[in-house]
Amino acid sequence: MAMSDLAIGFTGVVLLLLSIVAGAPIMLALTAVGFIGLILLSNFAGAISILGTIYYSVVSSFHFSVIPMFLLMGFFAMRAGIGRDLFDACTKWFGRLPGGLALASTGAAAAFGAASGSSVGTATLFTKLALPEMIARGYDRGFAAASIAIAGTLAVLIPPSALMVVYGILTNSSIGKLLIAGIVPGIIFTLIIVTTILIIATISPQKAPADDRRYSWGERLWSLRMVGPLVLVIAVMLGGLYGGVFTPTEAGGIGALVTFLMAVIRQRGLRGMALGRTLLDTVVLTSMIFAIIIGGLLFARFLALSGVSGAIKTLLVDGGLAVWVVVAMVTVIYLVLGMLMDAPSLLAISLPITHPVMMGLGFDPLWFGVYVIVLAEIGAITPPVGINCFVVKGAAGNLVTLEEIFRALTPFILAAFLMLAIMLMFPQVALYLPGLM
C-alpha cells in the first residue's frame, strides 16, 4: 500500500535524525533526505528542478555574499593581531578588578566577536592568548577555560554575525534588521557574563587572584592605538545598516577592507599575511555554510510539500496547548540538538519546523532569531559535545582537562539561562532598535 505524503514526510524526519546519530555529514544528510523525499512526492524531474532552483538562488544571490564578506573580515582581523591588541587593552584597563584577566578576555572576546563573527575562532584565539597568562597568575584552570568558552559564544550574537545571516536566509527574514536586533541582547549577555565572573571572583578569590600590576594612563591610552580603528569601523557598519545607508553585504565589504588594511599595517606589507591561505579558508568555510543552507532549504521544501510542517504547526498552535508549553518544548529541542551538532546545522534542521510554529503563535521573527542564536550557543558549551569546550581544550593542550572545563561551566550556563529569561520577559531588548529602522 502506498504511503501518504504525510507518512513520507515523518519517515524523512526519522531518517534524518538516524543519519545524524550515525555520524553522517549534516549537509549530506539534509540534501539526500530532502532530494529522495521530493522524488517520492513528485518525480525525479521535479526534484531535480527544485534542487537546481535552490542551488542557483543561493550561490547567485547578491544578498548571500554577506557571508563570505563577514568571514573574510574575521580572518583579516585575526591576521591583524586585533585579538591580542584587544586583550592587551582590556587587561590594562580592567585587570585590577576582581577576576580582572577573565574580565579582560570576556570584554576582548566581545569586541573581537564583532569583527570575526566566529564563536570557534574567538574561543581558539583567546584560549591561546589569555589562558596561559591566567593560569600563570594563579587562576583556577577550569574557571579560566570556562570563562573563555562562554565568552566565545558572544561572537555569533554581537553583529556582524554569519549565523544571523544563515537564520535570515532560512526564514526569509530581513538580514539588516536581524543584525541590529542582536546589538542590545549582545551587550546584555556580555554584562551578565561579566557580572558572573565578578561574583565568582569575589566569593572565591582563590579562583581568580587579583592582578597587582599597575599601568600608567599613558600605557592605557597607547593600548587603544589599534583598537580604536576597529571600534570605529564597527560603529560605521552598524550605523550604516541602522540608517539604511548601505546593505549588509556592503557593510561586510567595508569591514573586510578596513581589517585588511589593518592587517597590512600590522604585518608591514602583504608578505606576512598569508593572503592566499586566508582567501582559501574563507572559500572553504563559505562553501560549507552554503552547502548546509542548500540542504536545509531543500529539506524545508520537502517538509512543506509532504505536509509535515503544516501538521506540526496545526498540532502545536491549534491543539489547545498553552503558549509557554510550546515555547518550552521548542527550547528543549534546541538545547538537546545543540549538544549534538554545530549551530549552522542546527538551524538548517530545526527552522523548517520550529519557525512556522513560533510565527503561528504570534512571535516576531527577529525576536525568535536572537532567541534561537542564544539557544544554539548554550548548546556550544553543553556536554556531551559542547563544541566550544572541545575547541578550548584543543587549543589549551595539557593546560586543562575537558572535565575541569565542564565542571566550571555550571554558573555560566545558568547565566545563559538568565539571558533567555530576559528575552522571554522583555522581548523589546531585541525588537526596540529594529523597530526604529
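Throughout, read-outs are computed from the coordinates displayed, never taken from laboratory work. This one's a predicted model, so the numbers in the text were calculated from it and none came from an experiment. Cβ placement follows ideal geometry from the backbone for every residue including glycine, while neighbour counts extend to all protein chains displayed.
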**OP:** Return the long-range amide H neighbours of LEU224 (sequence gap of 5 or more, or a different chain), with a cut-off of under 5 Å between placed amide H atoms.
**Re:** none
Original post:
For the chain, with the dipole built from +1 on Lys and Arg beta-carbon atoms and -1 on Asp and Glu ones, taken about the Cα centre, which of PHE406, THR314, ILE265 lies farthest toward the positive end?
Top reply: ILE265
**OP:** Excluding residues on the same chain fewer than 8 positions from LYS92, give the lysines whose Cα lies under 29 Å from its Cα.
**Re:** LYS128, LYS207, LYS393
Original post:
Which of these, LEU71, LEU375, LEU41, has the largest mean-square fluctuation under a Gaussian network model of the chain (Cα springs below 10 Å)?
Top reply: LEU41
Subject >> Computed FRET value (nearest 0.05) for ASN43 with TRP324, which takes r as the C-beta separation and R₀ as 56 Å >> reply: 0.80
Original post:
Taking the Cα atoms only, what angle lies between the long axis of helix 82-94 and the longest principal axis of the chain, rounded to 10 degrees?
Top reply: 60 degrees
Subject >> Estimated inter-spin distance, TYR432 and ASP5, nm [label 7 Å along Cα→Cβ] >> reply: 4.5 nm
**OP:** Quick one: order PHE246, PHE126, PHE44 by neighbouring beta-carbon count within 10 Å, fewest to most.
**Re:** PHE44, PHE246, PHE126
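So, with +1 on the Cβ of K and R and -1 on the Cβ of D and E, and no other charges, what is the size of the charge dipole of the chain about its Cα centre, to the nearest 20 debye?
1040 debye
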Original post:
Counting pairs of Cα atoms in region 1-90, how many percent are more than 15 Å apart?
Top reply: 73 percent
**OP:** Report the extension gain between LEU361 and LYS128 in nm, rounded to one decimal, defined as 0.36 nm multiplied by the number of residues separating them, less their alpha carbon distance.
**Re:** 79.4 nm
Original post:
Which of ILE422, ILE349, ILE199 comes first, and how do the rest follow, when ranked by fewest Cβ neighbours within 10 Å?
Top reply: ILE199, ILE422, ILE349
Subject >> Cβ-based exposure ranking for MET262, MET329, MET341, in which fewest neighbours within 10 Å come first >> reply: MET329, MET341, MET262
Subject >> Candidate values (i) 22.4; (ii) 23.2; (iii) 21.1, label of the one derived for Kirkwood radius over Cα pairs in Å >> reply: (i)
**OP:** Report, in deg cm²/dmol and to the nearest 500, the calculated mean residue ellipticity at 222 nm for the chain, where each DSSP H run with n ≥ 4 adds -39500 (n - 2.57) and the sum is divided by the residue count.
**Re:** -25000 deg cm²/dmol
Original post:
Can you list the lysines whose alpha carbon sits under 28 Å from that of LYS177, skipping same-chain ones fewer than 8 residues off?
Top reply: LYS313
